[in-house]
1. Do you know which residues across segment 101-140 are without any contact (Cβ under 8 Å) to a residue 60 or more places away in the chain, part of a helix (DSSP H, G or I) and more than 23 Å from residue 183 (Cα to Cα)?
2. Just checking, which of 183, 203 is of a type outside the set (Phe, Trp, Tyr), open to solvent by less than 40 Å² (accessible area, probe 1.4 Å) and under 20 Å from the mean Cα position of the chain (by Cα)?
3. For segment 60-71, does any single residue satisfy the condition of being on the phi < 0 side of the Ramachandran plot, among the polar types (S, T, N, Q) and surrounded by 13 or more Cβ atoms within 10 Å (Cβ to Cβ)?
4. Consider only pairs whose beta carbons are under 6 Å apart and that are at least six residues apart or on different chains; among these, list those whose first residue lies in segment 302-330 and is over 11 Å from residue 282 (Cα atoms) and whose second residue is modelled with pLDDT of 95 or more and crowded, with 19+ Cβ neighbours inside 10 Å.
5. Residue 140 - would you say it is open to solvent by less than 100 Å² (accessible area, probe 1.4 Å) and within 29 Å of residue 57 (Cα to Cα)?
6. Go through segment 205-303 and tell me which helices (runs of 4 or more DSSP H), entirely inside it, have 3 or more residues that are modelled with pLDDT of 75 or more and under 26 Å from residue 194 (Cα atoms).
7. Quick one: would you say residue 274 is of a type in the set (Asp, Glu) and closer than 15 Å to residue 213 by Cα?
8. Would you pick out the residues in segment 141-160 that are touching a residue at least 12 places away in the same chain (Cβ under 8 Å) and either part of a strand (DSSP E or B) or among the hydroxyl-bearing types (Ser, Thr, Tyr) (or both)?
Amino acid sequence: MGSRVSFPPPDVLNASAANGTDAANGTATRFVSTPEGTALAYGSLVLMALLPIFFGALRSVSCAKSKNSSDMPETITSRDAARFPIIASCTLFGLYLFFKIFSQEYINLLLSMYFFVLGILALSHTMSPLMNRAFPTNLPNRQYQLLFTQGSGEAKEEIVNYEFDTKDLVCLCISTVVGIWYVLKKHWVANNLFGLAFALNGVELLHLNNVSTGCILLGGLFIYDVFWVMVFPQDLLEKGLEANNFAMLGLGDIVIPGIFIALLLRFDVSLRKDSRTYFYTSFLAYIFGLGLTIFVMHTFKHAQPALLYLVPACIGFPVVVALVKGELTDMFR
């Protein structure tokens, strides 16, 4: 992991990790992906970036309208947005120090278990709407409640009060199977399932309070990338599911622009018009920025920080549309 997340060029990835060493002379051999494999990897990464943004934005509208306190989103204020790059940088530096001081094996185990738990919860929440549709109507759907309190009598205070049903338990069981697969094999498919779940939940549940906050957040992250990555192998056609030569895209490059795009969708809804002009404009701007990242990376054969291209596109295109429509003041309110 590292603070830089990007699309590594197909011919500059770690050769020993991809192909091991040459049996004849003991030197590392370099894997060169085929054009088909490269196109498949890049296309799949773009698709995996677009899906959580699109569906997360749609789910964020329903989440914002929810009257259930347990489903209320976390609102990011301007102060939170300004602090985010600093806090994230300190977190990365702290992880760096931990890796220097403590044994890497123990830290990897600790992080694996941490993301195992979070990944199961995120994947369960992501699967919930699908399970509501697919769950057989003839099976009983029992209701449960997990309640922890402290104190007694009038001084009793709720610590945890979580309600769930049989459908949620099925989602949890399926997610646990994926989690065990992730812990035991660290397979890229399991990694990406968790990555998609994290990204979709982030777009759905992290809400910006206004466009100004979104600009502060994106501006602060203009020269910064977070360490989570989503990967797709460039040698999938040659090695199948055992492929290990990856192109990468950071979850921060999905979630951060994604919550801004979701805000613009809610802005479209607030205008009470039939069109979704700002949502589709920002969504297409994201595709443009991602495509530009791949183009520059492929042209210069050097990894690129995606937010360097995504931030100007995601902010600039909707602002231009708002200027043309005379709604810039409404947008920043």
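1. Of everything in segment 101-140, those that are without any contact (Cβ under 8 Å) to a residue 60 or more places away in the chain, part of a helix (DSSP H, G or I) and more than 23 Å from residue 183 (Cα to Cα) turn out to be 101, 130, 131, 132, 133, 134.
2. Working: 183 fails: open to solvent by less than 40 Å² (accessible area, probe 1.4 Å).
Within the list 183, 203, the selection yields 203.
3. To start, the set of residues in segment 60-71 that are on the phi < 0 side of the Ramachandran plot comprises 60-71.
This time we only want the ones that are among the polar types (S, T, N, Q), so: 60, 62, 66, 68-70.
So of that shortlist, the ones also surrounded by 13 or more Cβ atoms within 10 Å (Cβ to Cβ) come out as 60.
Yes: one or more hits.
4. Every condition considered, no pair remains.
5. Values: open to solvent by less than 100 Å² (accessible area, probe 1.4 Å): yes; within 29 Å of residue 57 (Cα to Cα): no.
Here the answer is no, as residue 140 does not meet what is asked.
6. 236-239, 252-270, 277-300
7. Values: of a type in the set (Asp, Glu): yes; closer than 15 Å to residue 213 by Cα: no.
Considered against the rule, which asks whether it is of a type in the set (Asp, Glu) and closer than 15 Å to residue 213 by Cα, residue 274 comes out as no.
8. 143, 144, 145, 146, 147, 148, 160 - these are the residues of segment 141-160 that are touching a residue at least 12 places away in the same chain (Cβ under 8 Å) and either part of a strand (DSSP E or B) or among the hydroxyl-bearing types (Ser, Thr, Tyr) (or both).
The values are calculated or read from the model by the stated rules, or taken from the named source; none is laboratory data. Model, not experiment: these values are computed from the prediction. Using ideal geometry, Cβ is built from the backbone for each residue, glycine included, and neighbour counts are taken over all protein chains shown. Please note that ligands, DNA and RNA were not included when accessible areas were found on the heavy atoms of the full protein model with its side chains. Shrake-Rupley method; radii C 1.70, N 1.55, O 1.52, S 1.80 Å.
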